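The values are calculated or read from the model by the stated rules, or taken from the named source; none is laboratory data. For clarity, every value in this text was computed on a predicted model and none was experimentally measured. Ideal geometry is used to build each Cβ from the backbone, glycine not excepted, and the neighbour counts take in all protein chains shown. Note: areas computed on protein heavy atoms with side chains; ligands, DNA, RNA excluded. Shrake-Rupley method; radii C 1.70, N 1.55, O 1.52, S 1.80 Å.
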Amino acid sequence: MAIRKDFVTSVIAMLVLILFCGILYPLVITGVSQVAFPGNANGQKVYVHGKLVGSKIIGQSFQMPVYKNGKPVLSDGSPVTVPDPRYFQTRPSGTDPADNDAATEFANYGPNSLVTKKAIASNIAAYIKLNGKYYPGGLTAGQVPVDAADTSASGVDPHISPANAWIQAYRIAAVRHLPRATVDALISKYTAGRGLGFSGEPGVNVLELNLALDRL
């Protein structure tokens, strides 16, 4: 009899918790969010001429396909891509594939790991290859900002540091034939300060900056 009573009590408790925690609470939070913070609740999506182009809070790659003899180069059936020099590039991504917002992750290797060392060296080399010839006097490994050498914890960080943006500005201005002052003004415009004035570091939203470049 005691076992039956305990069983019934457990079932009732489980159903009540499912009702309140699994149904009512999410509905209330969703409803309040949609009314009070609709943009944040829906992922801060960005549209251009009615077409969804990304999110302010999710990083994305700005790549272009590689062609050979007029045909796109493929690897395992997928087009091979390289960073598009016309656009600012986000920091390296630790997701697979890169900037995969459906599976945010980080490498989880220690700072003394050879895997980490090789990955950082590869990221630095790629950054110098993309930006070095545009940077006055050339670009050395010691000048590469940390966020251009290592991934973020989420793997899809939408921001880069102002230092990273200033270096890339030389390439953007040269490739797009724009005055440096114009590019610098855009960087300043889309640089957000620290959260609440003290948390974190200033960051430049890459998607918003690239869209502003296209509007020019």
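Annotations for the structure displayed:
- Dipole of the chain, positive direction: furthest Cα of G54, V16, I128, with charges on the beta-carbon: I128
- L52 paired with Y109, simple spin-label distance in nm, labels 7 Å along Cα-to-beta-carbon: 3.4 nm
- When the helices of the chain are scored as -39500 (n - 2.57) per DSSP H run of n ≥ 4 and the total is divided over every residue, the value at 222 nm lands at -12500 deg cm²/dmol.
- GNM result for the chain, Cα springs below 10 Å: residue of G193, G110, G203 fluctuating most strongly: G110
- Neighbour net charge for G110 - beta-carbon separation under 15 angstrom, K R +1, D E -1: +1
- Counting only alpha carbon atoms, the long axis of helix 180-189 and the longest principal axis of the chain meet at about 10°.
- Axis of helix 162-176 versus longest Cα principal axis of the chain: the two differ by about 50°, to the nearest ten degrees.
- Rounded to 10°, Cα long-axis angle of helix 114-131 versus longest principal axis of the chain: 50 degrees
- Given charges at beta-carbon only (K, R positive; D, E negative), |dipole| of the stretch 58-216 in Debye: 680 debye
- Of all accessible heavy-atom area on the chain, the percent that carbon and sulfur account for (1.4 Å): 62 percent
- Put simply, the Cα atoms of the chain extend 85, 43, 42 Å along their principal axes, the longest span coming first.
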